[in-house]
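For reference, the structure discussed in these notes is given below.
The values are calculated or read from the model by the stated rules, or taken from the named source; none is laboratory data. Source: prediction; values computed, not measured. Counting neighbours? That spans all protein chains shown, and the Cβs are built from the backbone with ideal geometry, glycine included. When the accessible area is computed, the model is the full protein with side chains, heavy atoms only, and any ligands, DNA or RNA have been set aside. Shrake-Rupley method; radii C 1.70, N 1.55, O 1.52, S 1.80 Å.
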Amino acid sequence: GDIADYSISVTNPVTADCHDEIVFSVAPPPTITSVQPSEICADMEFTLDLTGTGFATSTAVFLIAQEDGAAYQATHTAVSSDGTSMQATWTSGIPAGDYDLKVSNGADCESTKTGVLTVYPRPIIFFIDPPVIFNGLDFQATMYVANINGGAVNAVQTRRMPTGAFQTLEHFYDLSEPGQVKVTFPDGMVGADQKFAYEVTLEDAMGCPAA
């Protein structure tokens, strides 16, 4: 048939409102020219911008893990009218690792571009020492962490639980001690005789927030 999108509708005549419809696309074999961005953070929603040819409404997009071949299909896609660009979104994110990308218009009608994406693990905060600090003076604590990407910590923030606004804390990160971040909690975070629980988060040099 002609290159186009076709609607397929199925109706069960026995029960009212028993109806479904899908779009079936007839398209040439797809090609992939570029994929952006090339680096993201694990386990977070993200969107890739693809350019190429032969993209259609029903084109399926997969990220293939180079380590074990696991395939992660895009949750939804949006295709340009001329079939040369596409946005593909994964709403649940994917695990850390290196990935190839495959676009498919059906069996024996697909294309793969290798090494298009690196997914970085999100930083982990194990605990803070000491776990309790006292008001009345600036107080330095040590965060014990892992998975700091890019060799730096962009920011450390804290907020009063459960719904306080985040405030940025002074911090120091030394690559010679990659599992530690020194953080300064300023005087005046709570009033006299008050006690509150705070949560702390950080963002590394790749823009990945702590898990």
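In the stretch 42-71, what residues are free of Cβ contacts under 8 Å to residues at least 40 places away in the same chain and in a strand (DSSP E or B)? Selection gives D49, T51, T53, A65, A71.
Selection of the stretch 134-166 for residues being at pLDDT below 95, outside any loop (DSSP other than H, G, I, E, B), of a type outside the set (D, E, K, R) and open to solvent by 70 Å² or more (accessible area, probe 1.4 Å) yields only Q140.
Confirm whether A210 is open to solvent by less than 60 Å² (accessible area, probe 1.4 Å) and either closer than 30 Å to P37 by Cα or in contact (Cβ under 8 Å) with a residue 24 or more places away in the chain (or both).
Yes; evaluated as a whole, the condition is true for this residue.
When the stretch 173-185 is filtered for residues that are within 19 Å of F127 (Cβ to Cβ) and within 26 Å of the chain's Cα centre (by Cα), the ones remaining, listed by number, are Y173, P178, G179, Q180, V181.
Could we say that D49 is modelled with pLDDT under 95 and either open to solvent by 60 Å² or more (accessible area, probe 1.4 Å) or of a type outside the set (G, A, S) (or both) here? The answer is no for D49. Checking each residue in the stretch 90-105 for being open to solvent by 30 Å² or more (accessible area, probe 1.4 Å) and outside any strand (DSSP E or B) picks out T91, S92, P95, A96, N105. Quick one: in the stretch 175-189, which of the residues that are in a loop (DSSP other than H, G, I, E, B) and open to solvent by less than 60 Å² (accessible area, probe 1.4 Å) is farthest from V145 (Cα to Cα)? My answer is G188.
Of the residues making up the stretch 72-89, those that are surrounded by fewer than 16 Cβ atoms within 10 Å (Cβ to Cβ) and touching a residue at least 24 places away in the same chain (Cβ under 8 Å) are S80, T84, Q87, T89.
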